[in-house]
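Written out below as structure tokens is the structure these notes cover.
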Amino acid sequence: MAKYQKIIDWITECIDEGTLKPGEKLPSENELCDRFGLSRQTVRHAIAKLAEDGLLESRRGSGTYLVDQRAEEGERNVIAVVTTYVDDYIFPSTIRGIESTLSDKGYSMQLSFSDNTVGKERQILTDLLSRSDIAGIIMEPVKSALPNPNMELYRKLRDRNVKILFINSFYPELDMPHVSLNDAECAYRAVKALINLGHRDIGCVLKLDDGQGRERYRGYLKAITEAGVPFSYDHVNWIDTIDIRNGKEALIKARERLKGCSAVFCYNDQVAGMLMEVLIDGGLKIPQQMSIVAMDDSDIARMGVRGTTISSIPHPKAELGKRAAQNMIRMIHSGQISFSATYEFKEDVILRDSVRQYE
């Protein structure tokens, strides 16, 4: 990492945390030199980069000040926020995080739901293309592990200088930023926790049509391979959006494919809860005969299934929404010379009743 990046990271972190406020004067060059042990040339380079990005402005004879990145009268000031569902346990908190941050900066939010279908996504994007008041779009992709026919609409919006930021996942075909969990790393940590408890035969149940499933499989494989424990594709189970909607019946086949496993990593708490019901109905005891770890740390995990709480990786929900809104505002005001709007959260597993030491 370049030396000047330390100063950039510190200033942007202070802005995001609110310890540096719009219109506030930045510490002097000498103070920054002393704080970071860097030369004045390096400090000036960092300040110049942030000024190019629209975060700072220098006033002759006075110093450097934080720019107020608020929506101005007469400019495009609507941010379209599109998620797949309204009633999912993650989205209400994420949406609140987005809305509170946008409103603080004078932006209004227009909320839509794609129902996780490319047809509804296309309808929403076509409508946004017809409008002149849209400054940016915070979008949750639809079935992001699969080819999507709507890529040209995203490119048309970008060509009209509409800023686009994806949340929770992204389309690999598009060179556009995203704010999400680092799904591969979080899955790696979840499976590693099972390995550290002595488990060697570990299966998984993952979502086929969303990019998070692909990345979580990547993390699962890394943990298994790194530990040198047995791997069998017979123990890998793929389900899709329709399967989850149909409930636990879709997981009966997974019960058969997990025979011989002592532990399983699940796509999320909802899937883990349904799988636990299926396993218990089939006569297995949780965690005595099968340890289970999932992702999201939702109410499902904390309340548990039939008296057994679920070990899970937390989803930052509101913090993810806040970060997405902050980065969207910065994209609107920034030349994007030194600023990358992509941010990935890394979380650690919370162990509960659903796992045990393997003996």
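Summary table
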read-out: Residue ID - surrounded by the most Cβ atoms within 10 Å (Cβ to Cβ), chosen from residues in region 118-147 that are of a type in the set (Ser, Thr, Tyr) and over 29 Å from TRP238 (Cα atoms); value: THR126
read-out: GLY247 vs. criteria open to solvent by less than 30 Å² (accessible area, probe 1.4 Å) and under 19 Å from the mean Cα position of the chain (by Cα); value: no
read-out: Subset of region 148-163 (residues that are touching a helix residue (DSSP H, G or I) at 6+ places or on another chain (Cβ under 6 Å) and surrounded by 22 or more Cβ atoms within 10 Å (Cβ to Cβ)); value: LYS163
read-out: Some residue of region 209-226 being in contact (Cβ under 8 Å) with a residue 40 or more places away in the chain, touching a His at 6+ places or on another chain (Cβ under 8 Å) and of a type in the set (D, E, K, R); value: no
read-out: Residues of region 312-354 that turn out to be among the hydrophobic types (A, V, I, L, M, F, W, C), assigned to a loop (DSSP other than H, G, I, E, B) and modelled with pLDDT under 95, as a count; value: 3
read-out: Tally of residues being in a loop (DSSP other than H, G, I, E, B), surrounded by fewer than 22 Cβ atoms within 10 Å (Cβ to Cβ) and touching an Asp or Glu at 6+ places or on another chain (Cβ under 9 Å) across region 189-235; value: 6
read-out: Those residues of region 130-156 which are over 16 Å from the mean Cα position of the chain (by Cα), within 20 Å of ALA325 (Cα to Cα) and among the charged types (D, E, K, R), in sequence order; value: ASP133
read-out: The one condition in (1) surrounded by fewer than 19 Cβ atoms within 10 Å (Cβ to Cβ); (2) part of a loop (DSSP other than H, G, I, E, B); (3) aliphatic (A, V, I, L, M) that ILE286 fails to fulfil; value: (1)
read-out: Members of region 80-109 found to be at pLDDT 90 or above, outside any helix (DSSP H, G or I) and not hydroxyl-bearing (Ser, Thr, Tyr), listed by number; value: ALA80, VAL81, VAL82, MET109
read-out: Every residue from region 262-283 that is of a type in the set (A, V, I, L, M, F, W, C) and buried (at least 21 other Cβ atoms within 10 Å of the Cβ); value: ALA263, VAL264, PHE265, CYS266, VAL271, ALA272, MET274, LEU275, MET276, LEU279
read-out: Residue within region 48-59 that is part of a loop (DSSP other than H, G, I, E, B), open to solvent by less than 40 Å² (accessible area, probe 1.4 Å), touching a strand residue (DSSP E or B) at 6+ places or on another chain (Cβ under 9 Å) and at pLDDT 85 or above present; value: no
read-out: Residue selected from region 250-261 under the condition assigned to a helix (DSSP H, G or I), among the hydrophobic types (A, V, I, L, M, F, W, C) and in contact with a strand residue (DSSP E or B) (Cβ under 8 Å, 6 or more places away or on another chain), by the criterion surrounded by the most Cβ atoms within 10 Å (Cβ to Cβ); value: ALA254
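One line per residue, one yes/no per condition, for (1) surrounded by 11 or more Cβ atoms within 10 Å (Cβ to Cβ); (2) touching a residue at least 60 places away in the same chain (Cβ under 8 Å):
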| position | (1), (2) |
| --- | --- |
| LYS3 | yes, no |
| ILE8 | yes, yes |
| ILE11 | yes, no |
| GLU17 | no, no |
| LEU20 | yes, no |
| LYS25 | yes, no |
| SER28 | yes, no |
| ARG35 | yes, no |
| THR42 | yes, no |
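The values are calculated or read from the model by the stated rules, or taken from the named source; none is laboratory data. Because the structure is a prediction, the values reported are computed rather than measured. Positions of Cβ are generated from backbone atoms using ideal geometry, with glycine treated the same way; all protein chains shown enter the neighbour counts. What goes into the accessible areas is simple: the full protein's heavy atoms, side chains included, and nothing from ligands, DNA or RNA. Shrake-Rupley method; radii C 1.70, N 1.55, O 1.52, S 1.80 Å.
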